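*Asks:* Right, I'll just put the structure down here and ask away after.
The values are calculated or read from the model by the stated rules, or taken from the named source; none is laboratory data. Keep in mind that what you see is a predicted model, and the values were worked out from it rather than measured. Positions of Cβ are backbone-derived with ideal geometry, glycine not excepted, and every protein chain shown enters the neighbour counts. Remember, those area values only see protein heavy atoms, side chains included, never the ligands or the DNA or RNA. Shrake-Rupley method; radii C 1.70, N 1.55, O 1.52, S 1.80 Å.
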Amino acid sequence: MEKEGINRYNSTSLFLITIGLVLINTLIFSYIGRYLGQMIWEVDVTQLVKGNLEFTRPHSSALRLTQFLSQLGGFILSVLIAIQVMKRSFIDFTKLNERPPWKWLAVSLFLFICLLPGLEWLVEWNATIQFPASQEERLRSLHENNQKIYNIMLHYNTGIDLWINLLVMAVLPAISEELLFRGLIMRIFRSMFGNIHAAIWVSALVFAGIHLQAYNIVPMILMAAIFGYLYYFTGSLWVPMILHFLNNASVVLMKYFGIANDSAATTPQYTLLFLAGGFILFWYMFRKSPKPNALTLE
């Protein structure tokens, strides 16, 4: 029965179905979040995302609720439906009931830490890219608005707000985005292209594109590719989920402890040293890790 479900919907059709589900469910659950924001806090979230933002608790709460529902409905629900379309069980398809390989999780963590200074440098470099004049103002405005939304959600970050921020900005994105982009879309592309490297990089492009952050797109593509390779090397979706969570949680906790993210203080020698360590670990994983062949739709 499972094979019949896969044969009925080929990889291209399943990709289009998945993207359609993400768009429709995100729209529906975003609307629900906006409705609840208006009803509970008398905040028009539609106006907030257009730039009419204020650093107030109602605005912060409404944005966090909308973000929570969008991730839950737009990503997780879409993955669940797509897996049902293939007539597969969620656990059978994702293998989340299996413990991650602890050795390779540890190596993955060290690899990711080594690559972080390079990613921070890319963030700074990407912010200086000049886009065509016809698009520059719109892209810059969208980027600044996204940053302000992020800052407002983090504006209240003590007590219960800290735990809410960790849930909305770290736990849920790590689960929902890894399920969708690595757990499903990357595997669709591997079945579509027959090549794991093409699948990793194309799914990374989709990941970065769907976030609509032109001034952060290069490091987002690279980070998504890193998560893709670590999923490929280890065969466990828990590995990119855990690293994704730690990356996002670090931002929330740095805000909580008042630690400034001064990447400008990082010396080129320090960055190059860590990158060299990261490449060594990457090569080690490429040569020695399990690299299971199960990352397809079958």
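*Asks:* So for the chain, averaging the separation of alpha carbon pairs under 8 Å that are six or more residues apart and normalising by length, what relative contact order in percent results?
*Replies:* Details: 348 pairs, mean separation 76.1, N = 298.
Answer for the chain is 26 percent.
*Asks:* Cβ neighbours within 10 Å, averaged per peptide: list 104-110, 70-76 in order, most packed at the top.
*Replies:* Numbers: 104-110: 17.9, 70-76: 20.9.
Packing order, densest peptide first, comes out as 70-76, 104-110.
*Asks:* Give, in nm to one decimal, the length gained when the segment between residue 129 and residue 55 is fully stretched (0.36 nm per residue of separation minus the Cα-Cα distance). Intermediate results must be reported in sequence, preceding the final value.
*Replies:* On the way: separation 74, 0.36 × 74 = 26.64 nm, distance 2.90 nm.
Extending this stretch completely gives an extra 23.7 nm.
*Asks:* While we're here: Using 7 Å Cα-to-Cβ label points, what is the residue 283/residue 109 separation (nm, one decimal)?
*Replies:* 2.5
*Asks:* In addition: Counting only complete DSSP H runs, which helices of the chain cover 20 Å or more along their long axis at the Cα atoms and score a mean Kyte-Doolittle of -0.5 or above?
*Replies:* Values: long enough: 11-41 (43 Å, 1.32); 102-126 (34 Å, 1.14); 133-155 (33 Å, -1.13); 196-211 (23 Å, 1.70); 217-234 (26 Å, 1.76); 238-257 (27 Å, 1.05); 268-288 (30 Å, 0.77).
What comes out of the filter, once short or polar helices are dropped, is 11-41, 102-126, 196-211, 217-234, 238-257, 268-288.
*Asks:* Give me the log10 of I(q) over I(0) for the chain at q = 0.10, 0.12, 0.13, 0.16 Å⁻¹, as the Debye formula computes it from C-alpha points; what are the numbers?
*Replies:* Here the Debye-derived log intensity ratios amount to -0.59, -0.86, -1.01, -1.46.
*Asks:* Can you tell me how the range 42-155 classifies by the Cα gyration tensor, rounded, prolate or oblate, using a/c under 1.5 as the rounded cut?
*Replies:* Because a/c hits 1.5 or more and a/b fails to exceed b/c, the range 42-155 counts as oblate.
*Asks:* Which value, in Å², gives the accessible area per residue of the range 148-298 when a 1.4 Å probe is used on the protein heavy atoms? Don't skip to the end; give the middle numbers.
*Replies:* Details: 6670 Å² over 151 residues.
Accessible area per residue, the range 148-298: 44 Å².
*Asks:* What distance in nm separates the two pseudo spin-label positions at residue 13 and residue 27, each 7 Å out from Cα along the beta-carbon direction?
*Replies:* 2.3
*Asks:* May I have the pair-distance distribution P(r) for the range 183-287, computed from all Cα-Cα distances with 5 Å bins from 0 and rounded to whole percent?
*Replies:* Each 5 Å bin holds this share of Cα pairs: 2, 11, 15, 21, 22, 16, 9, 4, 1, 0.
*Asks:* On to the next question. Between 46, 194, 217, whose Cα lies farthest towards the positive end of the dipole of the chain when Lys and Arg beta carbons carry +1 and Asp and Glu beta carbons carry -1, centred on the Cα centre?
*Replies:* Value: 194.
*Asks:* Leaving ligands, DNA and RNA out of it, report the carbon-plus-sulfur percent of the accessible area of the chain at a 1.4 Å probe.
*Replies:* Working: 9870 of 15090 Å².
That share works out to 65 percent.
*Asks:* Could you work out the helix-only [θ] at 222 nm for the chain, with each DSSP H run of four or more residues adding -39,500 (n - 2.57) and the total divided by the number of residues, to the nearest 500 deg cm²/dmol? Write out the running numbers ahead of the final one.
*Replies:* Working: 15 runs with 213 residues, N = 298.
Mean residue ellipticity, 222 nm, calculated: -23000 deg cm²/dmol.
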